[in-house]
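Visitor: Take a look at the following structure, please.
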Amino acid sequence: MSESDTIAAISTPSGEGGIGIVRVSGPESFQLAKRIFVPHKGIKDNYPLSHHLYHGHIRNEQSEIVDEALVSFMRAPHTYTCEDTVEVNCHSGIFTLRLILALILKLGARLAEPGEFTKRAFLNGRIDLSQAESVLKIIRARSEEGVKIAARNVMGCLKVEVDNIRSEMLDVMAQIEALLEYPEDIDQEGSINLNIMTKINRVIQMLYQLLQGAERASAYQDGIDTAIIGKPNAGKSSLLNALLRQQRAIVHEIPGTTRDLLEGYLYIEGYPIRIMDTAGIRNTVDPVEQEGINRSKGAAERAKLILVVIDGSTSWSDEDEALLQMIRDDQASIIVLNKADLPQLVSDEFLANRFGDKKIIRTALVNNQGINQLEEEIIRLLDQHLGHGGENYAMIGLRHEEIVRETLKSMERSAVASQPLELVSLGLHEAWRKLGEITGEIATDELLDRIFSQFCLGK
Ligand SMILES: Nc1nc2c(ncn2[C@@H]2O[C@H](COP(=O)(O)OP(=O)(O)OP(=O)(O)O)[C@@H](O)[C@H]2O)c(=O)[nH]1
Ligand SMILES: [Mg+2]
């Protein structure tokens, strides 16, 4: 794809709406827009003024009015892409938008690829790669907090931290270069200067701090995968419905009612929770039910939080025990002891023995009892699991996390004082290059394509 041509796309979602926007960027954008737009107040000498909004009509080749529009002309470099940009604000019917886009394309613009406007902002140096990715994170955020984290990154807070760390690395690298050039400065034992090791360790600490915010940020941005698991008929679908406050899943007395995974979103104290109802887990010969059970197990494996529903009105079984074995140490879990309105066959004594201090939430989901306590426990657990964030988390996305972990590996290889300085320096160089992938200072075309292809058209 060439970066010097003029591109255009519809930037607003398809469907009916108050206003739709067609965006054009590139050297020809003013020319093209002037050929289809006629301003109401007539064309004056200074038309079009940059960063002004003009009211008028879009007309086709036959001079027929296509729509009434507000058009802004924005001169480079103070634009989203750093190129001349025009935005046509028109009525948001899909045919209107398509007609206007078609007129612009016919005059010579090329249809933009997904994310191409943002890619140009990156290639033209207005934003770094972490900022570009944050634009996508804002669009896709699953909670208000997720938007705030992404917005901080769009302003460049991750870039600032990364630049800071890389500049510390450069300092140490320069110091080592000097020592290698003037070996007489190295201590008598030839051991590495203590000062260098102290600096390397400080960089390692900074990298760990970056990682700390990652899990919390990703929970707010992507949602917390939560699986409801339990024996057939325990009340899993009743729990999903109670939490979502809607009759989302079929609830029935026949065990094995739910076959497929069913998901819903809910927000508890700002935590975006992606909750999954699953098929009851038991031994079965029915192939369809077995497929459902496999999916339940998959959902449980991927979940960060597991709600285990146990039917307190039936005796504790091997099936209940097997469910608990599925939970890993890194997963948060809550035991929901349901059907508290019926005579209980699982005794308090048994529960105390089996679960010790772990909090058990008793519910009677037929009449929504216990839901508030369950929600409180979910918040408490997530707060505990994800740590209190404060303002100090810039990290977003798995890509960054992987890069920081790789960088740490190289840094930790460098942090061995007993090795030759050349090896220390090698590790530092690797680390410095790796970390540059976050901001895109070191970025291959393949990486850029991978990132920008996730964007929607028109962004
Ligand atoms: N008495 C009583 N019945 C309940 C309670 N919760 C659910 N039930 C009933 O138990 C039956 C099973 O409920 P579901 O929510 O469908 O259970 P499930 O775990 O989704 O079942 P499967 O999808 O078959 O695995 C239904 O008849 C519910 O009305 C409860 O707290 N008390
Ligand atoms: Mg069910």
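Visitor: Tally up the residues in the stretch 245-266 that are away from ligand 2 (no atom under 16 Å from the Cβ) and either modelled with pLDDT under 90 or among the small types (Gly, Ala, Ser) (or both), please.
Guide: Initial filter on the stretch 245-266 (away from ligand 2 (no atom under 16 Å from the Cβ)): 245, 265-266.
Pick out the ones that are also either modelled with pLDDT under 90 or among the small types (Gly, Ala, Ser) (or both) and you get none.
Looking only at that region, the number is 0.
Visitor: Pairs under 7 Å by beta carbon, first residue closer than 16 Å to ASP67 by Cβ in the stretch 103-117, partner assigned to a loop (DSSP other than H, G, I, E, B), six or more apart or different chains?
Guide: LEU103/ASN60
Visitor: Restricting to the stretch 102-143, and then to whatever is buried (at least 20 other Cβ atoms within 10 Å of the Cβ) and among the polar types (S, T, N, Q), can you tell me which residue is farthest from ILE442 (Cα to Cα)?
Guide: SER143
Visitor: May I ask you to list the residues in the stretch 334-361 that are touching a helix residue (DSSP H, G or I) at 6+ places or on another chain (Cβ under 8 Å) and either part of a strand (DSSP E or B) or farther than 24 Å from LEU244 by Cα (or both)?
Guide: Those that are touching a helix residue (DSSP H, G or I) at 6+ places or on another chain (Cβ under 8 Å) and either part of a strand (DSSP E or B) or farther than 24 Å from LEU244 by Cα (or both): ILE334, ILE335, VAL336, LEU337, ASN338, ILE360, ILE361.
Visitor: Return the residue satisfying two criteria in turn: it lies in the stretch 214-241 and is part of a helix (DSSP H, G or I) and modelled with pLDDT of 95 or more, and of such residues it is nearest to ligand 2 (Cβ to nearest atom). Can you show your working first?
Guide: First, pick out the residues of the stretch 214-241 that are part of a helix (DSSP H, G or I): 214-222, 236-241.
Now drop any that are not modelled with pLDDT of 95 or more, which leaves 236-241.
On the way: LYS236: 5, SER237: 3, SER238: 8, LEU239: 9, LEU240: 8, ASN241: 10 Å.
Residue satisfying both the conditions and the ranking: SER237.
Visitor: Right, THR79: more than 16 Å from ILE100 (Cβ to Cβ), modelled with pLDDT of 95 or more and crowded, with 16+ Cβ neighbours inside 10 Å or not?
Guide: Spelling it out, THR79 is indeed more than 16 Å from ILE100 (Cβ to Cβ), modelled with pLDDT of 95 or more and crowded, with 16+ Cβ neighbours inside 10 Å.
Visitor: Okay, moving on. Among the residues of the stretch 242-276, what is the count of those that are touching a residue at least 12 places away in the same chain (Cβ under 8 Å), among the charged types (D, E, K, R), part of a loop (DSSP other than H, G, I, E, B) and within 16 Å of ligand 1 (Cβ to nearest atom)?
Guide: 4
Visitor: Please find, among VAL71, VAL22, VAL38, the residue that is over 25 Å from THR118 (Cβ atoms) and of a type in the set (A, V, I, L, M).
Guide: Working: VAL71 fails: over 25 Å from THR118 (Cβ atoms); VAL22 fails: over 25 Å from THR118 (Cβ atoms).
Of the residues listed, the single one that is over 25 Å from THR118 (Cβ atoms) and of a type in the set (A, V, I, L, M) is VAL38.
Visitor: Let me ask something additional. When you check ALA279 against the structure, is it modelled with pLDDT of 95 or more, small (Gly, Ala, Ser), within 10 Å of ligand 1 (Cβ to nearest atom) and over 25 Å from the mean Cα position of the chain (by Cα), yes or no?
Guide: On the way: modelled with pLDDT of 95 or more: no; small (Gly, Ala, Ser): yes; within 10 Å of ligand 1 (Cβ to nearest atom): yes; over 25 Å from the mean Cα position of the chain (by Cα): yes.
Taking the combined requirement at face value, the residue does not satisfy it.
Visitor: Working only within the stretch 343-360, note down all residues that are touching a strand residue (DSSP E or B) at 6+ places or on another chain (Cβ under 8 Å), hydrophobic (A, V, I, L, M, F, W, C) and either more than 17 Å from TRP316 (Cβ to Cβ) or loosely packed, with under 15 Cβ neighbours inside 10 Å (or both).
Guide: Listed by number, the list holds a single entry, PHE355.
Visitor: Quick check on my filter: what residues within the stretch 297-331 are at pLDDT below 95 and within 12 Å of ligand 1 (Cβ to nearest atom)?
Guide: Matches in the stretch 297-331: GLU319, LEU323.
Visitor: Please count how many residues of the stretch 226-261 are surrounded by 19 or more Cβ atoms within 10 Å (Cβ to Cβ) and under 30 Å from VAL135 (Cα atoms).
Guide: Qualifying residue count for the region: 2.
Visitor: Against the definition (more than 11 Å from ligand 1 (Cβ to nearest atom), surrounded by 13 or more Cβ atoms within 10 Å (Cβ to Cβ) and of a type in the set (Asp, Glu)), how does GLU289 come out, yes or no?
Guide: Here the answer is no, as GLU289 does not meet what is asked.
The values are calculated or read from the model by the stated rules, or taken from the named source; none is laboratory data. Small disclaimer: the values here were computed from a predicted structure and weren't measured. A quick note on method: Cβ atoms are made from the backbone with ideal geometry, for glycine too, and the neighbour counts reach across all protein chains shown.
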